[in-house]
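Please read the structure below before turning to the comments.
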Amino acid sequence: MTPVLDARGITRSFGPIEVLHGVDFSLRPGEVHALIGENGAGKSTMMKILGGYLAPTRGELLVDGAPVRFADQRDAEAAGILMIHQEFNLALQLTVEENIFLGREKRRGLLLDIRAMRREARALLDRLNCPVDPATRVRDLSVPNRQMVEVARALGRNARVLIMDEPTAVLTGRETDILLRQIERLKAQGTAILYTSHKLDEIARIADRVTVLRDGTHITTRPATGFSEHAMAEAMVGRELSDLFPPKPVPGEEVVLEVENLAVPGHVRGASFRLRRGEVLGFAGLVGAGRTELMEAVVGLRPSTGTVRVNGAALRPGSIRAAREAGLVYLTEDRKEKGLLLGKSLTDNLTLLALDRFGRLSIDADAEDRALTQAIADFDIRVNDREMVAGSLSGGNQQKLLLAKTMLAEPQIVIIDEPTRGIDIGTKQQIYGFIATLAKQGKSVIVVSSELPEVIGLSARVVVMGRGHIAGELTGPEITEEAILRRAMGVGERSGEVA
Amino acid sequence: MTDTTATEAQAKPRRRLSFHVIGPLLALVALIVLGASLNSNFLGYGNVTNVLARSAFIGIIAVGMTFVITAGGIDLSVGSMAAFVAGVMILAMNALIPSLGIGVPLVLAGMAVALVTGLLAGSLNGFLVAKVGIEPFIVTLGSMGIYRSLTTWLADGGTLSLDFAARTFYRPVYYDGLFGVAWPIIVFALVAILGEFAMRKAPFGRHCAALGANEQVARYSAVRVDRVRMTTYALLGALVGLATIMYVPRLGSASGSTGVLWELEAIAAVIIGGTVLKGGFGRVWGTVIGVLILSLIDNILNLASIVSPYLNGAIQGVIVIVAVVLQREGKSAD
């Protein structure tokens, strides 16, 4: 079968730096072809070239076997190739139908033909089995429904090739299921799909073929059948990944953090738990179980009732500053919106939390510079240029910078919410190493994670949350996926999912 | 979108940014050269003192405005606040003459009243923005009307005049100086230097920029967001008070039309200087240059008779728009 889109020997340079070295990639009608690789492997560049956003420096693109050259994404769109970005391209204030037809509205004379557009929007959404009303404003839709609207918009433009950039990064488990089923349906209708994700179980489930990129080089293209998740990870990293998780540190006896009867209106009720010195405590639970809200309340970011004691002394409620001064810090799950100032320099970001350590009246620029050097070395942050802004770091390096920023406050207790969201496997392994090292140094760590293997692999004790309260606690060999899920869902309950 | 592409593409243009940095400076130099070539008196002591002393009022306010804008706010009320502060100050001084007599205590008392009134007026704006959570544009649009109207009311629709003897005694604060440099210029220079220090080196400036860039990140980084925001408005109010202290001895009166459009001049100066209107980045030295650019245009139009001085506002408007266009190009290169 002739591939609908075929890229041969694609090379791309930015200035003197070549980031793609002769990559081949093809898409056949009705297949899902996964493109995987670590952050910085060149996936985004490759997708942008295929989608017409970037031109290759060398190499050729063929559509239905005929060479093409895309001047911009509109050329690619005309050839039936559409890219769905991780950050959606939807006008939130407009309705679903207005978004689907944005820029190519149907007219009758001078006026818009609203009835025809509504009919067609309905038909497109039906094709996706999506029950959304075309008259709803996009801002009122859930994230997966917004994604469906993006897909419907692409279909409305007669997409034969869909390029999906980590579509499940922001979805919960159940939402992911829905999306994957829609992808199956599109595939059956003959659409070719390029799919990227850091979640290898999804790749194994949905892909027909898998192409691995590493450092801008094409490593392999193989049928997904018989390509295990472990083998994919090793192909991405380029070395054996025997011990993803470091040995679990042994906690001490002394209780450093004691949370008693904490309640966050609307989210958490009566939560009590303890954390010991040198311990890595896992927090598992379903999405919406209130883990993030509980942790934000513990450090004073949310109004709450109940008591939080650090080393036996009650913490002033509602003050993140008091928490920091007591040695308790929280590392947010949302590094782009709550963690880092993406448009600011690495130094500005690094020292923001602990700025008073760099001078009360005047900030000591030399000390800041030394702190950056130290952070780059300690956390293996890969920077091209010390003057770059935080937003141009790759996701994994942003997470390392956020970790470095948090550790600069010299905390005794660190709460890390989703330590490895959207991060490749090599960097994950490094971050697991950092967490274990912190515990070994006598600090105490709480790891909140929706990835069960992560919670299980890191912690010697796991607290399970379900629907706003603490549903159970597991230690040592009791910690299994099944045990966690049973407690998270509550006895006798069938619905719910883990994301 | 976390791959190298972004990294590579964004690593380079740092050097090109330098135009963005020196742009306002180049414009200022060009204006000085132009002024000097058009009129031989332009660089004379008298004219330079005149331009700088008149710049001082807007300049002192604009330094405060730089912090407000950097922290993601705006203050439209400074012009009417200045009129209000001037009115209160004059009324207070006139009322104190019987008990304090004409002399230094009277002037000091007037200054204290001005600073406190400015501080309170600014704090009120800050309170409504930071604690009550109303949009700064709305709050200060409202207080702009309130302060303006209160001034007109205090003056009963006319003019509030400082007692003649007190005015004569107070005059030197505008017209005299130290080593031939007029007091307003000295005060402006001090405010600018302290402001530049606070913005560039002090935690306060860093916190303002963080807050303007992303309030959530600032909050999660243990920055006392409300307090910082409140402080920017209170500081601006106090600086309006300080500017008024310099302004009252010049004319000795205040009316409903005092300080009209000062807010726009101050905001324009801040933007010309390269501070980003939506917050997150500010520079005080740029604001100083912005103020000087605006005053020089006015001055050159008055000295040279090529273009009518009536077109002053139009030319300043063009400069503001051009400055923002240049700023945007500097950004898209990022």
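Data overview
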item	result
Subset of region A:318-332 [surrounded by fewer than 18 Cβ atoms within 10 Å (Cβ to Cβ) and part of a loop (DSSP other than H, G, I, E, B)]	A:G318, A:S319
Verdict on A:L213 being within 30 Å of A:V280 (Cβ to Cβ) and open to solvent by less than 50 Å² (accessible area, probe 1.4 Å)	no
Residues being assigned to a loop (DSSP other than H, G, I, E, B), free of Cβ contacts under 8 Å to residues at least 12 places away in the same chain and open to solvent by less than 80 Å² (accessible area, probe 1.4 Å) - total across region A:222-241	1
Cβ-Cβ under 9 Å pairs, at least 6 apart or on other chains, region A:390-402 side within 8 Å of another protein chain (Cβ to nearest Cβ), far side assigned to a helix (DSSP H, G or I) and hydroxyl-bearing (S, T, Y)	A:S392/B:T7; A:L393/B:T7; A:S394/A:T427; A:S394/B:T4; A:S394/B:T7; A:G395/A:T427; A:G396/A:T427
Strands (runs of 3 or more DSSP E) (entirely within region A:8-110) containing at least 2 residues that are farther than 21 Å from A:N158 by Cα and of a type outside the set (S, T, Y)	A:17-27, A:32-36, A:58-63
Residue check, A:P453 in a helix (DSSP H, G or I) and farther than 30 Å from A:I376 by Cβ	no
Single residue of A:E337, A:E254 found to be among the acidic types (D, E), open to solvent by 40 Å² or more (accessible area, probe 1.4 Å) and more than 22 Å from the chain's Cα centre (by Cα)	A:E254
Hits in region A:88-116 - residues which are open to solvent by 80 Å² or more (accessible area, probe 1.4 Å) and within 24 Å of A:R160 (Cβ to Cβ)	A:N89
Region A:35-56 - residue that is away from every other protein chain (no Cβ under 12 Å) and closer than 9 Å to A:R12 by Cα and, of those, surrounded by the fewest Cβ atoms within 10 Å (Cβ to Cβ)	A:A55
Scope region A:264-317; condition closer than 26 Å to A:M489 by Cβ, of a type in the set (D, E, K, R), in contact (Cβ under 8 Å) with a residue 40 or more places away in the chain and open to solvent by 30 Å² or more (accessible area, probe 1.4 Å); matching residues	A:R269
Filter result for the condition that a residue is out of contact with any Ser or Thr (no Cβ under 6 Å at 6 or more places or on another chain) and assigned to a helix (DSSP H, G or I), over B:G290, B:G259, B:G280, B:G274	B:G290
Complete set of residues in region A:182-217 that are of a type in the set (V, I, T), within 21 Å of the chain's Cα centre (by Cα) and under 17 Å from A:I84 (Cα atoms)	A:I183, A:I193, A:T196
Verdict on A:A365 being closer than 21 Å to B:Q216 by Cα and either without any contact (Cβ under 8 Å) to a residue 12 or more places away in the chain or surrounded by 15 or more Cβ atoms within 10 Å (Cβ to Cβ) (or both)	no
Within region A:57-84, considering residues that are open to solvent by less than 30 Å² (accessible area, probe 1.4 Å) and under 24 Å from A:Q182 (Cα atoms), the one nearest to the chain's Cα centre (by Cα)	A:I84
The lone exception for A:T373 - which of (1) among the polar types (S, T, N, Q); (2) in contact (Cβ under 8 Å) with a residue 40 or more places away in the chain; (3) open to solvent by 60 Å² or more (accessible area, probe 1.4 Å) it fails	(2)
Options A:A471, A:A409, A:A439, A:A483; residue that is more than 30 Å from A:D378 (Cβ to Cβ), buried (at least 18 other Cβ atoms within 10 Å of the Cβ) and not assigned by TED's automatic domain parsing to the domain that holds A:E38	A:A471
Flag for A:L301 being at the interface with chain B (Cβ under 8 Å from one of its Cβ atoms), more than 28 Å from the chain's Cα centre (by Cα) and more than 20 Å from A:V255 (Cβ to Cβ)	no
Every pair of residues 6+ apart whose Cβ atoms lie under 9 Å, when the first sits in region B:95-122 and is assigned to a helix (DSSP H, G or I) while the second is charged (D, E, K, R)	B:I97/B:D163; B:G122/B:D75
Unique residue being in the same structural domain as A:A326 (by TED's automatic domain parsing) and touching a Phe, Trp or Tyr at 6+ places or on another chain (Cβ under 9 Å) when the list is A:V455, A:V389	A:V455
Residues located in region A:142-167, provided they are part of a loop (DSSP other than H, G, I, E, B) and at negative phi	A:S142, A:R157, A:A159, A:R160, A:D165, A:P167
Residue count for region A:182-210, restricted to those that are open to solvent by 10 Å² or more (accessible area, probe 1.4 Å), in a helix (DSSP H, G or I) and over 26 Å from A:R157 (Cβ atoms)	4
Count of region B:128-180 residues which are among the aromatic types (F, W, Y), at negative phi and either crowded, with 16+ Cβ neighbours inside 10 Å or more than 21 Å from the chain's Cα centre (by Cα) (or both)	6
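Every residue, every condition in (1) within 14 Å of another protein chain (Cβ to nearest Cβ); (2) open to solvent by less than 50 Å² (accessible area, probe 1.4 Å); (3) more than 16 Å from B:G282 (Cβ to Cβ); (4) within 21 Å of the chain's Cα centre (by Cα), yes or no:
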site: B:C208; (1), (2), (3), (4): yes, yes, no, yes
site: B:R219; (1), (2), (3), (4): yes, no, yes, no
site: B:T231; (1), (2), (3), (4): no, no, no, yes
site: B:A238; (1), (2), (3), (4): no, yes, yes, yes
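The values are calculated or read from the model by the stated rules, or taken from the named source; none is laboratory data. Source: prediction; values computed, not measured. When we count neighbours, we look across all protein chains shown, and the Cβ atoms used for this are built from the backbone with ideal geometry, even at glycine. Just the protein is used for accessible areas: all its heavy atoms, side chains included, with ligands, DNA and RNA removed. Shrake-Rupley method; radii C 1.70, N 1.55, O 1.52, S 1.80 Å.
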